[in-house]
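What follows is a single structure, written as structure tokens, with notes after it.
What follows is calculated from the coordinates using simple rules that are stated; it is not laboratory data. All of these numbers come straight from a predicted model, not from anything done at the bench. For neighbour counting, all protein chains shown are included, and Cβ atoms are generated from backbone atoms with ideal geometry for every residue, glycine included.
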Amino acid sequence: MNIGEYSVHNKVISWLFIIVLLGGGIIAFNQMGKLEDPEFTIKLAKVITLYPGATAQEVQDEVTYYIEDAVQKLPQVKWIKMSVSRPGLSDITIEFKDKYRKKDFPNIFDELRRKIADVTPSLPSGASAPMVIDDFGDVYGVYGILTGKGYSWRDLWDTADKVKKQMVQVPGVRKIVIDGEQKEVVYVEISRSNLGELGISLHSIASILASQNEVIDAGGIRVGDDYLRISPTGTFQSVQSIGDVLISSKDKRLIYLKDIATITRAYNDVPNKLYYVNGEPGLAIGISMLPGENVVKVGKRLAQRFQELKSIIPLGMGFKLIYNQPQEVDKSVSGFIVSVGQAVAIVIVVLLLFMGMRVGLIIGSVLLITVAGTLFFMDLFAIDLQRISLGALVIALGMLVDNAIVVAEGMMVRMQRGMKAAEAAAQTVGSTIWALLGGTAIGILAFSAIGLSPDSTGEFAGSLFYVIFISLSLSWLTAVSTTPLLCALLMKQGDESASESDPYKGLFFTVYRKLVCTAIHYRWVTVGSVVVLFVIAVMGFSYVKSGFFPESNTPMFFIDVWEPEGSDILNTRDTALKISQYLDNLPGVLQTSTVIGGAHQRFTLVYDSKEPAPAYAQIIVQTESREMIPEVWQQVEDYMRANTLSNDPIIKALRIGPGRDGKIEARFSGPDASVLRELSVRAQAIMRSDNEARDIRDDWRNPVKVITPVFNEQVGRQLGITREDLALALQYSSEGNTVGAYRDSHRSLPIKLRAIDDERGDVASLRDVQIWSPVLGKTIPASQVVSEYQTRWENTVLRGRNRIQTIIASCNPKGEFTEPLFERLKLKIDAMTLPPGYHLSWGGEYEDSQKAQAGLAGALPVGFLLMILTSILLFGKLRQPLIIWLTVPLAIIGITAGLLATGGAFDFMSILGALSLVGLLIKNAIVLIDEIDQQIAMGKQGFDAIVDSSMSRLRPVVLAAATTILGMIPLLPDVFFVNMSITIMAGLGFATFLTMLVVPTLYAIFFRIKAINE
């Protein structure tokens, strides 16, 4: 008794199995994690070190060098992805090996911190302790800006902090960040002339302010049975009390600081980062969720809690959402339910047309049971519903009915001939169970390259394999158990007198029979024609566009604003707000969200954040629909070209998968910065010579001007003035010296000592800066110890990759596809003559695609070897598997035709579609060849066995292909899956037709079976 017969006889067990799958699926769907993108480990960490006052070259030589040396000792490090040395700042990005997963990284980060701690004593005295940042990959799925017209930055921060304290307690919330805070400072402004007249040194004022407000333990004393703490007064109780500090002049008089200084509490003149939404300033708030959470439910809890908190938000303040991941996930899940409904409807309609109402209902029911069971096991194995797993389910919908169709068709034919249900189930399942299992196993193994791929792209799309594995395994199990049960319940047993009637006498089968007979009779013509088609397809494939990952469906795009390096952040702000204001007035634009001085918080997994820079701003543009993006894009591009001449912008779409701003990158590496700049200029000239290139730039940006006072050390020594004294005096006359801190509750405000406004800001006044001379006991002008003031150019950005100094010249294509432009530029840039010791490599989409395909290529041999072994073990012979594998390349005929006809691209997702085709074609061929072998083993003549087997397998194969092809229709509007859908639809359509002719023909050739005239 096999599984099919057992299911018919033991209905209680069979129904229990169905109830477990259906009930488990419904429960799992409601409680399983729901995300926008799959959980993905960003295998990066940053090490940031401050070295105030140092040039970019000094930072590179004295800080970056030593940290890179320590980092490279870690065995887990893949490479140092990027080191950026800026004046006063070292920023090193480390990438870890692909084999490590999320659970490994806490230990890796601990070891990284130990290595950094070991190297810290080797850094120069002025450098801060390096900071290891390991959480910049966090995704803040609910992201927006808190604004309030007429409110101060402090009011906004206090409100945001109150909201944060309450919202972080919502179940499912992991972390909340507030960004864009404008730091308050206490400015103590003193005129240089006053200091000179009174003979007061800046150092003495700084020392008093630094010590006056320090928290110092004064000890304690025993008084009787008590031990009392001693706490002297004198700390600053208010900003005004700072003015009550007494300063001693040169004639030993005590002077109140407020008599010679203006003391104010204000916001820092030079902000680090600024946020605006629709031109209104605000603070960014990002909320991240716990792993494995149903973000839709968390989003509802957050919305409810926010409504409850409206009473603590002052009137006039509002939170404007930039991105709402729970809402986007809810749309995706709703879309999946629609897709399931459409696919089930398609399956039932197709089966109704070809196999009748009962069979259509049976297979449609089996499909729903299998999908429910898949959800049940996905929840058990902690596979969330997200973009990739949802896509895998939709892909699987068309494939899940293959096995059920074979079993249902076999039982239908037998029961129409008068056979009882149990006997029909036993014969049908008994004759097909192993062929279906082998075909299912090969279909699963076709996707194994994704599951086994070790790189980041493989990890991103890895859930596709596991969902396919679960769903196809269940489809085989339900086909051989549930399908016989439902057939026995719903199908009627025919009259035994009908056993001799031909079930394949219809026009469709008659035409096919003639085609098969003709193909076998003219076998070499058939094979030759297919070979010609194959060669044409291979040649035509070179004209198919290529790509990597497509853009998102979300109606949103970005504008990166780049002012010249060295620009004031306030100038960058003005440019960005000017563009934002223009956008706000365009029809179709819903909202603009601008950040100046750095990047937005990571609100989607694949958001590419830039390092902070005063010359950088980014505008997120949200439109009413995705279709409006091209028009708005073109309008703002034209506006920026005409009205923001200093701006060097990049406009880019929101991506779904991995990618980068420069789709084409030429990387030059070598020891000398000036030679690298020259090579970059030459490469950029080649890019500009091509009319299809845009966004041409390099990542070192332009050199900037630096004012260099030349210190006269001889005179300085005679006057007791050091280089440090000169630097502090110059800082006092510009930004101001930080000399202490004023504590206000939980806030700590730096106290900055600086010259009055009339004596600051004018570069000419630097000559008149007063410096205290301890030898003379008075202040003297800086011009006495500065021989001259020079203005020179310096690189403020020095970048390296894997410890080798590297500059990247990059550009983008004006059109949608990169490869045609890349091939033209690569040919010319590769021809450049490089000096000895310099190296050219290619990044951008080319590198990303190569890495992704290399990851698949590394896993493909194992997957294909297992597929070949499975096919051999299934038949125990070599000729049958050889026939099967000779039909696999036929898929390229349909793929080429489909992509060329629709203008689609063969991107990463198309590769996945091609892999699924391999499994589908092999499965169809296995079922056909197994039937031929069985009929020959039963004594039927070879030619009759081939023709009759082809006839009996025509309907299951065609219906399975039709349901798979039509099941792809719901994916066509999705830009992420459209090329994969076209690949499967066109490839399977052509290949199924050819397979049903070529497999019988090849079988006749390999087994030397002669054609018989009919």
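Between Leu361 and Glu816, what is 0.36 nm times their sequence separation minus the Cα-Cα distance? Round to one decimal in nm. All intermediate terms of the calculation are to be shown ahead of the outcome.
Details: separation 455, 0.36 × 455 = 163.80 nm, distance 4.40 nm.
Full extension of this stretch gives 159.4 nm more.
Among Lys115, Lys663, rank each residue by its count of other Cβ atoms within 10 Å, from fewest to most, as a rough exposure measure.
Numbers: Lys115 18, Lys663 24.
By the 10 Å Cβ count, ascending, the order reads Lys115, Lys663.
Where does each of 693-705, 470-482, 241-253 land if you order them by average Cβ count within 10 Å, highest first? Could the numbers behind the result be given before it?
Values: 693-705: 18.4, 470-482: 24.4, 241-253: 13.9.
Packing order, densest peptide first, comes out as 470-482, 693-705, 241-253.
Ranking request for peptides 27-34, 141-148, 711-718: highest mean number of other beta-carbon atoms within 10 Å first, then the rest in descending order. Write out the running numbers ahead of the final one.
On the way: 27-34: 17.4, 141-148: 24.1, 711-718: 14.6.
Peptide ranking by packing, descending: 141-148, 27-34, 711-718.
Tell me what the chain gives for mean residue ellipticity at 222 nm when only DSSP H runs of n ≥ 4 count, each as -39,500 (n - 2.57), the sum divided by the residue total, rounded to 500 deg cm²/dmol. Working shown, then result.
Values: 31 runs with 502 residues, N = 1014.
When only DSSP H runs of four or more count, the value is -16500 deg cm²/dmol.
Rounded to the nearest 5, what is the percent of antiparallel bridges among the DSSP beta bridges in the chain?
Working: 115 of 124 bridges.
Once the DSSP bridges in the chain are tallied, antiparallel ones form about 95 percent.
Can you pull out the GluC sites (Glu not before Pro) in the stretch 718-784 that DSSP calls coil and that have at most 12 other Cβ atoms within 10 Å?
Qualifying residues, ordered by number: none.
List the pairs from Lys652/Lys851; Lys273/Lys663; Lys102/Lys149; Lys258/Lys320 whose alpha-carbon separation is above 32 Å, in the order I gave them. Write down the numbers at each step before the final one.
Working: Lys652/Lys851 23 Å; Lys273/Lys663 28 Å; Lys102/Lys149 43 Å; Lys258/Lys320 43 Å.
Beyond 32 Å: Lys102/Lys149; Lys258/Lys320.
Could you tell me which of Ile468, Leu436, Met980 has its Cα farthest along the dipole of the chain towards the positive end, charges placed at Cβ (Lys, Arg +1; Asp, Glu -1), taken about the Cα centre?
Leu436
Work from the charge dipole of the chain (Cβ charges, +1 for Lys and Arg, -1 for Asp and Glu, about the Cα centre) and give the residue of Leu321, Ile922, Ala673 farthest towards its positive end.
Final value for the positive-end residue is Ile922.
With +1 on each Lys and Arg Cβ and -1 on each Asp and Glu Cβ, how big is the dipole of the chain about its Cα centre, in debye rounded to the nearest 20? Could you put the intermediate results ahead of the total?
Working: 95 positive and 102 negative charges, 368 e Å.
The calculated dipole for the chain is roughly 1760 debye.
Among Lys34/Lys81; Lys46/Lys73; Lys514/Lys940, which pairs are too far apart, with a Cα-Cα distance over 21 Å? Each step should come with its number before you reach the end.
Values: Lys34/Lys81 32 Å; Lys46/Lys73 16 Å; Lys514/Lys940 19 Å.
Result: Lys34/Lys81 exceed 21 Å.
List the relative contact order of the chain as a percent without decimals, with contacts defined as Cα pairs under 8 Å and 6+ residues apart.
Working: 1842 pairs, mean separation 174.7, N = 1014.
17 percent.
Note the full-extension length gain between Leu515 and Ala266 as 0.36 nm times their separation in residues minus their Cα-Cα distance, in nm to one decimal.
Details: separation 249, 0.36 × 249 = 89.64 nm, distance 8.79 nm.
Separation in residues times 0.36 nm, less the Cα-Cα distance, equals 80.9 nm.
Sort Val797, Val561, Val544 so that the residue with the fewest other Cβ atoms within 10 Å of its own Cβ comes first and the one with the most comes last.
Details: Val797 20, Val561 26, Val544 17.
In increasing order of surrounding Cβ atoms, one gets Val544, Val797, Val561.
Roughly what would the spin-label model give for Val12 and Met539, points 7 Å off Cα along C-beta, in nm?
6.9
Among residues other than Gly967 whose Cβ falls under 14 Å from its Cβ, what is the net charge (Lys/Arg +1, Asp/Glu -1)? Please list the in-between numbers first.
On the way: positive: none; negative: Asp402, Asp974.
That works out to -2.
Please give me, ordered by residue number, the GluC sites (Glu not before Pro) of the stretch 157-242 that lie in loop per DSSP and have at most 16 other Cβ atoms within 10 Å.
Working: sites: Glu181, Glu184, Glu189, Glu197, Glu214; in loops: Glu181, Glu214.
Here the sparse-neighbourhood loop sites are Glu214.
Considering only C-alpha atoms, what is the centroid distance from the stretch 554-631 to the stretch 146-168, in Å?
23
Can you give the charge dipole size of the stretch 553-655 about its Cα centre, rounded to the nearest 20 debye, using +1 on the beta carbon of Lys and Arg and -1 on the beta carbon of Asp and Glu? Kindly include the intermediate steps, with their values, before the conclusion.
On the way: 8 positive and 14 negative charges, 53 e Å.
Around 260 debye, computed over the stretch 553-655.
Give me the percent relative contact order of the stretch 553-655, please, defined on Cα pairs under 8 angstrom at least 6 residues apart.
Details: 184 pairs, mean separation 46.4, N = 103.
Computed value for the stretch 553-655: 45 percent relative contact order.
Let me have the relative contact order for the stretch 43-136, percent, based on Cα pairs under 8 Å that are six or more residues apart.
Numbers: 163 pairs, mean separation 41.1, N = 94.
This gives 44 percent for the stretch 43-136.
Do any chymotrypsin sites (Phe, Trp or Tyr not before Pro) in the stretch 374-451 lie in a DSSP loop with no more than 14 other beta carbon atoms within 10 Å, and if so, which?
Values: sites: Phe376, Phe377, Phe381, Trp434, Phe447; in loops: Phe381, Phe447.
Passing both the DSSP loop test and the Cβ count: Phe381.
Neighbour counts of other C-beta atoms within 10 Å: give me Thr518, Thr526, Thr428 arranged from fewest to most.
Details: Thr518 16, Thr526 23, Thr428 28.
Starting with the residue having the fewest Cβ neighbours, the order is Thr518, Thr526, Thr428.
Return the distance in nm (one decimal) between the two label points of a simple spin-label model at Asp251 and Glu794, each offset 7 Å from Cα along Cα→Cβ.
With each label point 7 Å from Cα toward Cβ, the separation is 4.3 nm.
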